[in-house]
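Enquirer: First the structure, which I've put down as structure tokens, then a few questions once you've had a look.
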Amino acid sequence: MRKKLSRNIESLVVTDINSKGMGVAKDTSGAVYFIKETIPGDVVNINVYKKRRGYFEAQPTAFLKKSPHRVTPPCTHFGLCGGCKWQHFEYAQQLKFKEAGVLRNLQKIGKVNPEETLPIMAAPDAYWYRNKLEFSFSTNRWLTPAEVESKEEHVRLGLGFHKPGRWDKIVSIDTCHLQIEPSNKIRNALRDFAIEEQIPFFDLQQQRGLLRTLMIRNTQAGDFMVLLQFFETKPKEQEKVLTFLKNEFPEITSLLYCINSKANDTIYDQEINLFAGKDHLIETMGTLKFKITSKSFYQTNPKQAYALYELVKSFAALEGNEIVYDLYSGTGTIALFLAALCKKIVGVESIPEAVEDAKYNAQINQVKNATFEVGDMKHIFDKTFIEKHGKPDLIVADPPRDGMHKKVIHQIIALQAPKLIYVSCNSATQARDLEKLSCIYNVEISQAVDLFPQTSHVENVVLLRRK
Ligand code: SAH
């Protein structure tokens with residue numbers, strides 16, 4: 001449903017911002033416009049160039065008033081790179097719009113009105129908060145408009161993030177403001193070394209070239225894991241780049257590689273090899289320790305994840321005798337957080353490796369009252385499961401973006417646990433699920449938690465109490 005057009009409209013007030021960082025405005029007839037390079041508070045003349053289903057896309061032709069909330073993005077890749085699309089919008093305002101967006105979803109989609117809405121929890125670090133980044137090598141990096149105009153010869157080898165909407169183009173990154181150093185230093189040094197040594201970068205279109213992807217993870221204490229993905233086996237070259245990283249960066253305590261000759265570059269079905277150091281990192285959260293392997297899920301903003309789990313703990317208000325279910329438990333973070341405060345806790349998770357990690361994490365933290373089951377919630381969460389583990393006094397659910405399967409919701413309704421805490425990274429699907437759950441639950445408290453500054457993403461935690 002794309003139609004080319006060109007139409008001018010004058011004096012539109014931008015009132016909202018979308019996930020792509022485009023300002024949103026409505027005209028007097030109620031038609032919606034997504035306007036490039038604008039933010040709430042701008043008043044603009046626009047040229048409408050595209051019709052989409054339900055809205056128009058436009059660009060500003062004149063700014064009649066500039067929003068006081070505009071800030072200069074610190075990142076030189078802003079606008080080209082797919083991440084951090086709200087950098088030009090003051091952080092305090094980002095929070096305001098995230099909070100309003102969550103509440104609007106609960107009310108409009110879910111038709112629920114929380115009895116109490118607590119103010120959104122801001123992230124302590126607006127930048128440098130991520131503990132994991134994944135970069136791709138490319139023989140055909142995206143050129144900036146200035147580079148295209150300059151008509152000079154440019155090095156086309158790049159290492160960075162995908163250009164949004166272009167699977168075959170990589171925006172080569174010099175400084176990413178999301179991960180602490182030496183993340184940038186590692187990536188740039190590796191890129192320069194590989195160019196100098198003429199080690200082939202991956203050609204996404206032709207599917208050839210040795211160096212494929214680079215994953216960098218870190219703990220808050222500053223230990224780094226680096227996983228280099230090669231397309232083929234070339235022992236001499238592999239040894240060369242891995243030895244370079246090992247010698248240059250003592251911060252790398254886990255140096256790994258894999259060889260993936262498949263068409264797609266996901267590492268999750270690949271065998272991971274250890275080159276130097278350990279095969280994992282140990283992250284600390286409060287008094288707990290968590291093992292992080294190359295494939296395991298761990299919240300990407302660890303400082304704010306801690307705040308999120310503390311919030312779950314306070315909503316849970318456990319007294320010590322409860323049976324608790326932690327649905328969609330990942331590597332067991334929430335379960336281990338609550339274990340000391342209740343009689344027993346049962347985690348459910350579909351990825352076997354994550355469950356292995358959860359069990360290991362229980363062990364290293366001497367938690368004895370947590371058990372973990374592997375399975376898809378919509379199959380495993382049945383009568384037998386409940387007979388085995390007992391009826392829960394509290395359910396905590398932290399499903400992925402698409403929310404909970406309707407079978408799971410029916411089971412929760414049938415169970416009638418006195419309390420349910422629903423943690424969500426997508427308040428639209430959360431709202432959809434809350435509407436169904438509202439037949440037996442009151443939505444008592446809702447609080448958004450910002451784990452992803454500079455993006456439109458936000459977590460929301462809701463406490464439900466049985467009617
Ligand atoms: N509570 C954890 C993980 C939350 S992410 C934490 O905070 O770290 C959601 C988790 O749900 C992921 O680990 C994902 O693997 C798991 N998951 C997704 N679909 C699932 C399903 N159908 N059944 C069980 N687990 C599922």
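Enquirer: Can you list the strands (runs of 3 or more DSSP E) lying wholly within region 231-311 that have 2 or more residues being closer than 28 Å to Asp125 by Cα? Write out each step before concluding.
Expert: Values: elements: 252-259, 273-277, 280-285, 288-293.
Passing ranges, in order: 252-259, 280-285, 288-293.
Enquirer: Any residue in region 317-342 that is of a type in the set (D, E, K, R) sitting within a Cβ distance under 7 Å of a residue that is modelled with pLDDT of 95 or more and surrounded by 24 or more Cβ atoms within 10 Å (Cβ to Cβ)? List the pairs, counting only those 6 or more apart or interchain.
Expert: Cβ pairs passing all conditions: Asp326/Ile334; Asp326/Ala335; Asp326/Ile345; Asp326/Gly347; Asp326/Val396.
Enquirer: Counting residues that are within 15 Å of the ligand (Cβ to nearest atom) and within 14 Å of Tyr328 (Cα to Cα), which strands (runs of 3 or more DSSP E) fully inside region 348-467 reach at least 1?
Expert: Working: elements: 370-374, 394-397, 419-424, 441-449, 459-466.
So the answer is 370-374, 394-397, 419-424.
Enquirer: What is the residue count in region 204-232 for residues that are open to solvent by less than 30 Å² (accessible area, probe 1.4 Å) and modelled with pLDDT under 95?
Expert: 1
Enquirer: For region 336-370, how many residues meet the condition of being more than 23 Å from the chain's Cα centre (by Cα) and open to solvent by 70 Å² or more (accessible area, probe 1.4 Å)?
Expert: 7
Enquirer: Return the pair list, or none, for Cβ contacts closer than 8 Å from residues in region 20-38 that are under 12 Å from Gly79 (Cα atoms) and at pLDDT below 95 to residues that are aromatic (Phe, Trp, Tyr) and in a loop (DSSP other than H, G, I, E, B), at least 6 apart or on different chains.
Expert: Hits for this filter: Gly21/Trp86.
Enquirer: Oh, and also: Which of the residues spanning region 288-314 are of a type outside the set (Phe, Trp, Tyr) and free of Cβ contacts under 8 Å to residues at least 60 places away in the same chain? Quick ask: steps written out before the conclusion?
Expert: Start the filter on region 288-314 by keeping residues that are of a type outside the set (Phe, Trp, Tyr), which leaves 288-289, 291-296, 299-305, 307-308, 310-314.
Selection gives Lys295, Glu310, Lys313, Ser314.
Enquirer: Could I ask something else about it? Tell me which of these Tyr257 doesn't satisfy, since it passes every other one: (1) exposed (fewer than 15 other Cβ atoms within 10 Å of the Cβ); (2) touching a strand residue (DSSP E or B) at 6+ places or on another chain (Cβ under 7 Å).
Expert: Going through the list (1) exposed (fewer than 15 other Cβ atoms within 10 Å of the Cβ); (2) touching a strand residue (DSSP E or B) at 6+ places or on another chain (Cβ under 7 Å), Tyr257 breaks only (1).
Enquirer: Suppose we keep only residues that are at pLDDT 95 or above and aliphatic (A, V, I, L, M) within region 125-144. Which one would you say is least open to solvent (accessible area, probe 1.4 Å)?
Expert: Per the criteria, the residue is Leu133.
Enquirer: Okay, moving on. What number of residues within region 50-100 satisfy the criterion of being among the hydroxyl-bearing types (Ser, Thr, Tyr) and open to solvent by 50 Å² or more (accessible area, probe 1.4 Å)?
Expert: Of the residues in region 50-100, the ones among the hydroxyl-bearing types (Ser, Thr, Tyr) are 55, 61, 67, 72, 76, 91.
Pick out the ones that are also open to solvent by 50 Å² or more (accessible area, probe 1.4 Å) and you get 55, 61, 72, 76.
Total meeting the criteria: 4.
Enquirer: Still on this structure, I have one more. Which numbered condition in (1) out of contact with any helix residue (DSSP H, G or I) (no Cβ under 7 Å at 6 or more places or on another chain); (2) open to solvent by less than 10 Å² (accessible area, probe 1.4 Å); (3) free of Cβ contacts under 8 Å to residues at least 40 places away in the same chain is the only one that Pro399 fails?
Expert: All conditions are met except number (3).
Enquirer: For region 79-102, which residues satisfy the criterion of being assigned to a loop (DSSP other than H, G, I, E, B) and either of a type in the set (Val, Ile, Thr) or within 18 Å of the chain's Cα centre (by Cα) (or both)?
Expert: Start the filter on region 79-102 by keeping residues that are assigned to a loop (DSSP other than H, G, I, E, B), which leaves 79-88, 90.
The answer is Cys81, Gly82, Gly83, Cys84, Lys85, Trp86, Gln87.
Enquirer: Quick one: Gly165 ticks every box in (1) open to solvent by less than 40 Å² (accessible area, probe 1.4 Å); (2) free of Cβ contacts under 8 Å to residues at least 60 places away in the same chain; (3) within 21 Å of the chain's Cα centre (by Cα) bar one, so which box is it?
Expert: Status for Gly165: all satisfied but (1).
Enquirer: Given the condition more than 12 Å from the ligand (Cβ to nearest atom), open to solvent by less than 30 Å² (accessible area, probe 1.4 Å) and touching a Phe, Trp or Tyr at 6+ places or on another chain (Cβ under 9 Å), answer yes or no: does some residue in region 266-283 qualify?
Expert: Initial filter on region 266-283 (more than 12 Å from the ligand (Cβ to nearest atom)): 266-267, 269-282.
Those still in the list that are open to solvent by less than 30 Å² (accessible area, probe 1.4 Å) too: 267, 270, 276, 281.
Checking the rest, the ones that are also touching a Phe, Trp or Tyr at 6+ places or on another chain (Cβ under 9 Å) come to 281.
Among the residues of region 266-283, at least one is more than 12 Å from the ligand (Cβ to nearest atom), open to solvent by less than 30 Å² (accessible area, probe 1.4 Å) and touching a Phe, Trp or Tyr at 6+ places or on another chain (Cβ under 9 Å), which makes the answer yes.
Enquirer: What's the total number of residues in region 312-327 that are within 25 Å of the chain's Cα centre (by Cα) and outside any strand (DSSP E or B)? Give the derivation first.
Expert: Within region 312-327, the first condition is being within 25 Å of the chain's Cα centre (by Cα), and the residues that meet it are 312-316, 325-327.
Of the ones still in play, those that are also outside any strand (DSSP E or B) are 312-316.
Result for region 312-327: 5.
Enquirer: Moving to a separate point now. Tell me yes or no: at least one residue of region 307-322 is in contact with an Asp or Glu (Cβ under 9 Å, 6 or more places away or on another chain), within 8 Å of the ligand (Cβ to nearest atom) and closer than 30 Å to Thr455 by Cα.
Expert: Looking for residues that are in contact with an Asp or Glu (Cβ under 9 Å, 6 or more places away or on another chain), within 8 Å of the ligand (Cβ to nearest atom) and closer than 30 Å to Thr455 by Cα, one finds at least one in region 307-322, hence yes.
Enquirer: Going through region 291-306 one residue at a time, which ones are in contact with a His (Cβ under 9 Å, 6 or more places away or on another chain), of a type in the set (S, T, N, Q) and either within 14 Å of the ligand (Cβ to nearest atom) or within 14 Å of Leu338 (Cβ to Cβ) (or both)?
Expert: Taking region 291-306 as the starting set, the residues that turn out to be in contact with a His (Cβ under 9 Å, 6 or more places away or on another chain) are 291-294, 296.
Applying the additional criterion that residues be of a type in the set (S, T, N, Q) yields 293-294, 296.
Residues satisfying the conditions are Thr293, Ser296.
Enquirer: From the list Gly330, Gly286, exactly one residue is buried (at least 17 other Cβ atoms within 10 Å of the Cβ), among the small types (Gly, Ala, Ser) and within 15 Å of the ligand (Cβ to nearest atom). Which is it? I'd like the intermediate steps shown before the answer.
Expert: Working: Gly286 fails: buried (at least 17 other Cβ atoms within 10 Å of the Cβ).
Exactly one residue qualifies, and that residue is Gly330.
Enquirer: Consider Ala122 carefully, then state whether it is under 14 Å from Gln454 (Cα atoms) and open to solvent by 20 Å² or more (accessible area, probe 1.4 Å).
Expert: On the way: under 14 Å from Gln454 (Cα atoms): yes; open to solvent by 20 Å² or more (accessible area, probe 1.4 Å): yes.
In short, yes.
The values are calculated or read from the model by the stated rules, or taken from the named source; none is laboratory data. Because the structure is a prediction, the values reported are computed rather than measured. Reconstructed Cβ throughout: ideal geometry from the backbone, glycine too, with neighbour counts over all protein chains shown. Remember, those area values only see protein heavy atoms, side chains included, never the ligands or the DNA or RNA. Shrake-Rupley method; radii C 1.70, N 1.55, O 1.52, S 1.80 Å.
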